[in-house]
1. Tally time: how many residues in the stretch 144-165 are loosely packed, with under 15 Cβ neighbours inside 10 Å and at pLDDT 70 or above?
2. Being of a type in the set (Val, Ile, Thr) and modelled with pLDDT of 70 or more is the filter here; which residues of the stretch 218-271 pass it?
3. Within the stretch 108-117, can one find any residue that is under 23 Å from Leu160 (Cα atoms), in contact with a Ser or Thr (Cβ under 9 Å, 6 or more places away or on another chain) and among the basic types (Lys, Arg)?
4. Does Ala78 count as modelled with pLDDT of 80 or more, under 19 Å from Gly26 (Cβ atoms) and open to solvent by 20 Å² or more (accessible area, probe 1.4 Å)?
5. Take the residues in the stretch 314-338 that are modelled with pLDDT of 90 or more and of a type in the set (Gly, Ala, Ser), then tell me which one is farthest from Arg171 (Cα to Cα).
6. Can you find a residue that is touching a helix residue (DSSP H, G or I) at 6+ places or on another chain (Cβ under 9 Å), open to solvent by less than 20 Å² (accessible area, probe 1.4 Å), closer than 24 Å to Ala130 by Cβ and at pLDDT below 80 anywhere in the stretch 26-46?
7. Applying the selection to the stretch 97-117, what residues are surrounded by 19 or more Cβ atoms within 10 Å (Cβ to Cβ) and either among the small types (Gly, Ala, Ser) or modelled with pLDDT of 80 or more (or both)?
8. What pairs come up if the first residue lies in the stretch 335-357 and is of a type outside the set (Gly, Ala, Ser), the second is loosely packed, with under 15 Cβ neighbours inside 10 Å and assigned to a strand (DSSP E or B), and their beta carbons are under 7 Å apart, counting only those six or more places apart or on different chains?
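The values are calculated or read from the model by the stated rules, or taken from the named source; none is laboratory data. None of these values were measured; they are calculated from a predicted model. So basically every Cβ, Gly included, is an ideal-geometry build from the backbone, and we count neighbours across all protein chains shown. Note: areas computed on protein heavy atoms with side chains; ligands, DNA, RNA excluded. Shrake-Rupley method; radii C 1.70, N 1.55, O 1.52, S 1.80 Å.
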Amino acid sequence: MDRWSPGTLGRVVALLILGTVVAFTGEGFFLWLSTRPPVVDVLFAVLAGAGLLAAIGRVVWSVVRRTSSRSEHLLDVAIATSLSYALLLAFGPAWLALPALVAGVAAISFTGVKRWLFPLLVLLSTAGIAFLHDVPAFAVAETLLRSVVTVVVLAGMGLLVAYAAEVHASRDELARMAVVEERLRFARDLHDVLGRGLSVVRLKAELGVRLLDADKDAARDQFVQIAELAGGSVSELRKVIAGYRQPSLAEELRGTSSILSLAGVRVVADPVPEDLPAPAAEAIGAAIREGGTNILRHSAAENCRVEFVREPAALTVRISNDRPHSGGSRAGHGLTGLAERLAAVHGTLDHTDANGEFVLTARVPLDLPRKNS
C-alpha cells in the first residue's frame, strides 16, 4: 500500500492469492503422484485441477479487483467446492488442502453471515472426510490448523484491498474539504469586508439621488462620503487579499501541519527562521503549502519532515515524506507553478523520489527587499 494505488494493489493481491492457490494445489498434486496413480486418474486430476484453478481465478481476479458484483460468483464457488471435494474423495488425504483454499476464496467473495459460515462448514466437512480416510487425529488437527490459517490469510488479503480503497478515498476527500474550507473562509472575509461597505454605499447613493433637487450641497456631501467609503472598502479588500495570498511563514507551516495531521500524517518541523525578507518568506511559504498539497494528493504518507537550512545569502526548505505513490515525483501543475513562482525571486525548485521517500527542495536568495513593517 506504500506507493500503489488501490487498483495496482488489487492486482498485486489477486496475483498473490492465485499464486498461493497454485502452490498448494501443485503441492497436493505432486504428493499424490508419488503414490504412482493410474494414468486415467492423473488425467482426471489434471482436468479437475484446471477447472478448480479456473473457477478460483475468476472469483479472485474479479472480486479482489472489484470489477464485478460478489453475487455473480456463487456458481464459480460452487464449481470450485465440488471439484475440490471430488479430488479429495477420489484420491485421498494428499488433497486435504484444496477445500481450505476454496473456503478462503469464499470468505473473500461472500458477504454477511455466509462469509464465515461457509468456510466453517467446509473445514468441518474436511475434517470428517480426513477421518473417513483413516487419517490420525493429530494429523487432522494439524490440517485443520493449517486450513484455518489459510482461510484467515486469504480473507485478510482480500479485505486489504477494500480498506486501501477506503483510505485512498478518505484522503482525497480530506484534501478536497481543505480546499472547500479555504474557499469558504475567503468568501466570509469578502462578505464581511464588502457586504457592510456596499450596503452603506447603496443607502447613501439613494439618499444622494433624492437630495439632488432639494439640497445639492447635502447631496454632494453624500457622494463625497460614498467616494470615501469606496476607497476604504478597496483598501480593506486589498488587506484581505494580501492576507489570503501572503500569510506569514509560521502561519503557513502551522496550517499545512494541521491539515496533514488531520490526514494522519505526523509532521516534524524545524523552527521557522526569523527576520526574513518578505518575498523570500512568501516564496518559502508557497513551497510548504504546495508540499503539503502534494503529500495529500500523491502519497500515502505517515511521516513528513520540514527542514530549514539558512545560509548567509539563501534559505532552503526541504519537505520530505515517506510512501509516495508511483509517479509522485512527476512535475504536475502545482509543482510547475511553484517553480515559476520561485524563479520570479531567483529561487530554485528540485524534487527527488528515491528509496521510498519523496523530497521537495526549494531555495531562495535572501538579498531581496524587505517589507516595511
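1. Total meeting the criteria: 6.
2. If the condition is that a residue be of a type in the set (Val, Ile, Thr) and modelled with pLDDT of 70 or more, then Val224, Ile226, Val234, Thr256, Ile259, Val265, Val267, Val268 are the ones that fit.
3. yes
4. no
5. If we take residues in the stretch 314-338 being modelled with pLDDT of 90 or more and of a type in the set (Gly, Ala, Ser), then Ala314 is farthest from Arg171 (Cα to Cα).
6. Yes - at least one qualifying residue is present in the stretch 26-46.
7. Across the stretch 97-117, the qualifying residues are Ala97, Leu98, Pro99, Ala100, Leu101, Val102, Ala103, Gly104, Val105, Ala106, Ala107, Ser109.
8. So the pair list comes out as Leu342/Thr348.
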